[in-house]
Structures are given as structure tokens and as C-alpha cells.
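Engineer: A single structure is presented below for examination.
Nothing in this text is a laboratory measurement; each read-out follows from the coordinates by a stated rule. It should be emphasised that the depicted structure is a prediction, and the values quoted were computed from it without experimental measurement. Note that we place each Cβ from the backbone using ideal geometry, even for glycine, and neighbour counts take in every protein chain shown.
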Amino acid sequence: MARFVALLRGINVGGANRLPMGELRAICGRLGWRGVQSYVASGNLVFEAEGEAGALAETLSDALAAEKGLEVQVAILPGAEIRAALEACPFAPEDDRQVHVCFLLSDPKLDETLLDRLRVAEEVLQLEGRRAFLHTPSGFGRSKLAARLERVVGAPLTARNLRTLRKLVEMLDGPAAG
């Protein structure tokens, strides 16, 4: 069995797509996944399973639709990919919440005109394959660029700050849940 990270898009954000993490872990258990652990209430999981990441993501997405009526995009990544994203981060912010790693769910089509229009001088976006790194020193929630990032990169995505990714790596490196 391999260890994976699941990143659910738009769970428990602004009161939408409500899903208690205990229920999410139970659904994953019924799928045969082992050692399922969640981190914060926004849909971050570490687990062990047999299979390929894309098929596992589709299985979880289908299960959420069938059991909870939720249409949620799911990105599942091998643990090594989360580690690689942290290592590839081009920024060293004072606060790990100022940098978000965006995992793109399809190939990007960068709209440079929109990027230039939305970005303030201090913000930096770096696109590398199907990952984007966004540094927002004044805050992700205040950033006009962050709010329209999918349109800028031309792909659906799910983003996590460096603090969350570091915690997920800690979980990957620790013992699996029973």
C-alpha cells in the first residue's frame, strides 16, 4: 500500500459543502483505505491505499456524490509529490500562510493580461507545470489575484498554504492512524 494525500476542493468553506471530517474518514474507510487521518476541516487527508492516484480521486468523488450529495473535485497526490512541492517552493516567507501551493487539476493556460491587471506589486505568481506558487505578503484573503486565480492560470485548482503542506508531510512521516 502507498501513502497518499487527498485535497478536497471547497469543503466547509464559507458554509458551503458541509462535511464533518469524521464522516469523510468513515467514507474513506468504507472504500478500503487505511490509516485515514484528516487535518483541519477543509478536506485534507493522509491515507494508505492500493491503486493509482487518479482512480482513487474519482472513487472518492463518486462516493461523496452518492453518500452525501456533494459534487466535489478531489486531487489525490502521492506523498512524494507533496514533499516535492515544498522543496520546489521558490519563496521563503516570514509567515507560511503567505505562500500557497496550487495543485492544478488540468494543464494551465496562463492569461498574462489578467495576471498583470490583478496582481499588486508585492504579489508573485510562479507557474511550474501543474503547480503554481503564489506569494501574497498582504494576505491570500485580501488578494484580488488569489480570488481570480483559476481564471488567471486557466485551470481548476486547489490551494494549500505552506503551513498546511508542512503538517501533511509530518502526518505522512508519522505512524499511520489505526
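Engineer: Eigenvalues of the Cα gyration tensor times 5, then square-rooted: what semi-axes does that give for segment 82-165, in whole angstrom, largest first? Write out the running numbers ahead of the final one.
Structural biologist: Details: eigenvalues 64, 51, 20 Å².
Semi-axes, largest first: 18, 16, 10 Å.
Engineer: How big is the dipole moment of the chain about its Cα centre under a simple scheme where the beta carbon of each Lys and Arg is +1, that of each Asp and Glu is -1, and everything else is neutral? Debye, nearest 20, please.
Structural biologist: On the way: 22 positive and 23 negative charges, 91 e Å.
I would put it at about 440 debye.
Engineer: Test of understanding: what is the full-extension gain from SER106 to GLU23, defined as 0.36 nm times their sequence separation minus their Cα-Cα distance?
Structural biologist: Numbers: separation 83, 0.36 × 83 = 29.88 nm, distance 2.82 nm.
Value of the extension gain: 27.1 nm.
Engineer: Using the per-residue mean of other Cβ atoms lying within 10 Å as a proxy for protection, in what order, highest first, do the peptides 118-127, 14-23 fall?
Structural biologist: Working: 118-127: 14.9, 14-23: 12.2.
Per-residue Cβ counts within 10 Å, averaged per peptide and sorted highest first, yield 118-127, 14-23.
Engineer: OK, next. Can you tell which of ALA66, LEU168, ALA16 lies farthest toward the positive end of the dipole of the chain, using +1 and -1 charges on the Cβ of basic and acidic side chains (Lys, Arg; Asp, Glu)?
Structural biologist: Most positive-ward Cα: ALA16.
Engineer: Additional query: May I have the pair-distance distribution P(r) for the chain, computed from all Cα-Cα distances with 10 Å bins from 0 and rounded to whole percent?
Structural biologist: Whole-percent P(r) values from 0 Å outward: 9, 38, 35, 15, 2.
Engineer: With helices defined as uninterrupted DSSP H runs, which ones in the chain have an alpha carbon span along their own long axis of at least 20 Å and mean Kyte-Doolittle hydropathy of at least -1.0? Walk me through the intermediate numbers first.
Structural biologist: On the way: long enough: 53-68 (22 Å, 0.37).
What comes out of the filter, once short or polar helices are dropped, is 53-68.
Engineer: So, one more: What's the center-to-center distance, using Cα atoms, between segment 157-178 and segment 43-113 in Å?
Structural biologist: 11 Å
Engineer: Grab the Cα-Cα distance for THR113 and ARG97, subtract it from 0.36 nm times how many residues apart they are, and report the gain in nm with one decimal. Please list the in-between numbers first.
Structural biologist: Numbers: separation 16, 0.36 × 16 = 5.76 nm, distance 2.64 nm.
Contour length minus the Cα-Cα distance gives 3.1 nm.
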